[in-house]
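Trainee: For reference, the structure I am asking about is given below.
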Amino acid sequence: MHFHIITLFPKAFDSYLGESILKRAIEDKKIKVSFYNPRDFVNDKHKRIDRPPYAGGPGMVIQAEPVIKAIESAVSKAKKLKAKSYKLIFLSPSGKQF
């Protein structure tokens, strides 16, 4: 089983994947994990993927283009590995605010 994870912080997963059951599964080659960082898909010198909102206001907005390119890269790699099927799970920040 091969997991393709798109994240701005791939090193944050080191502690989870380097311990317990997941570590053994990776060592036994039962699972494989590949990371895609949207920052790798921008041409910006500073590797920025966020911009201020067009209408102004607080916060920043993540650009769609680097995220879409990261997803396309993950899907094409899955197809090259001849995956019979794959599921795309996109986590959204649209939940309730604390």
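Trainee: Cβ-Cβ distance below 6 Å, separation of 6 or more or different chains: which pairs start in region 71-93 with a residue that is at positive phi and open to solvent by 100 Å² or more (accessible area, probe 1.4 Å) and end on one that is small (Gly, Ala, Ser) and not in a loop (DSSP other than H, G, I, E, B)?
Mentor: Cβ pairs passing all conditions: none.
Trainee: Take the residues in region 70-97 that are out of contact with any strand residue (DSSP E or B) (no Cβ under 9 Å at 6 or more places or on another chain) and assigned to a helix (DSSP H, G or I); name whichever of them is nearest to Leu8 (Cα to Cα).
Mentor: Ranking the qualifying residues of region 70-97, first place goes to Glu72.
Trainee: How many residues, within region 8-41, are of a type in the set (Gly, Ala, Ser) and touching a residue at least 24 places away in the same chain (Cβ under 8 Å)?
Mentor: Total satisfying the criteria: 1.
One line per residue, one yes/no per condition, for (1) of a type in the set (S, T, N, Q); (2) farther than 19 Å from Phe90 by Cα:
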residue: Ala12; (1), (2): no, no
residue: Ser20; (1), (2): yes, yes
residue: Asp28; (1), (2): no, yes
residue: Phe35; (1), (2): no, no
residue: Asp44; (1), (2): no, yes
residue: Ile49; (1), (2): no, no
residue: Gly59; (1), (2): no, yes
residue: Ile62; (1), (2): no, no
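Trainee: Here is a list: Ile21, Ile68, Ile62. Which entry is open to solvent by 60 Å² or more (accessible area, probe 1.4 Å), within 11 Å of the chain's Cα centre (by Cα) and aliphatic (A, V, I, L, M)?
Mentor: Every option except Ile68 fails the conditions.
Trainee: So, of the residues in region 24-44 that are aliphatic (A, V, I, L, M) and either within 16 Å of His4 (Cα to Cα) or surrounded by fewer than 12 Cβ atoms within 10 Å (Cβ to Cβ) (or both), which turns out to be nearest to the chain's Cα centre (by Cα)? Write out each step before concluding.
Mentor: The first filter runs over region 24-44 and keeps only residues aliphatic (A, V, I, L, M), leaving 25-26, 31, 33, 42.
Filter once more, so that each one left must be either within 16 Å of His4 (Cα to Cα) or surrounded by fewer than 12 Cβ atoms within 10 Å (Cβ to Cβ) (or both): 25-26, 31, 33.
Numbers: Ala25: 21, Ile26: 19, Ile31: 17, Val33: 11 Å.
Within region 24-44, the match that is nearest to the chain's Cα centre (by Cα) is Val33.
Trainee: Assess whether Ser76 counts as being of a type in the set (S, T, N, Q) and either under 15 Å from Thr7 (Cβ atoms) or in contact with a helix residue (DSSP H, G or I) (Cβ under 9 Å, 6 or more places away or on another chain) (or both).
Mentor: Details: of a type in the set (S, T, N, Q): yes; either under 15 Å from Thr7 (Cβ atoms) or in contact with a helix residue (DSSP H, G or I) (Cβ under 9 Å, 6 or more places away or on another chain) (or both): no.
Spelling it out, it is not the case that Ser76 is of a type in the set (S, T, N, Q) and either under 15 Å from Thr7 (Cβ atoms) or in contact with a helix residue (DSSP H, G or I) (Cβ under 9 Å, 6 or more places away or on another chain) (or both).
Trainee: Another one. Out of all the residues in region 42-70, which are touching a residue at least 60 places away in the same chain (Cβ under 8 Å) and of a type in the set (Gly, Ala, Ser)?
Mentor: Scanning region 42-70 gives a single hit, Ala70.
The values are calculated or read from the model by the stated rules, or taken from the named source; none is laboratory data. Quantities reported herein were computed from a predicted structural model and do not represent experimental measurements. Don't worry about glycine lacking a Cβ; one is built from the backbone with ideal geometry, like all the others, and counts go over all protein chains shown. Side chains are part of the model used for accessible areas, which takes the heavy atoms of the whole protein and leaves out ligands, DNA and RNA. Shrake-Rupley method; radii C 1.70, N 1.55, O 1.52, S 1.80 Å.
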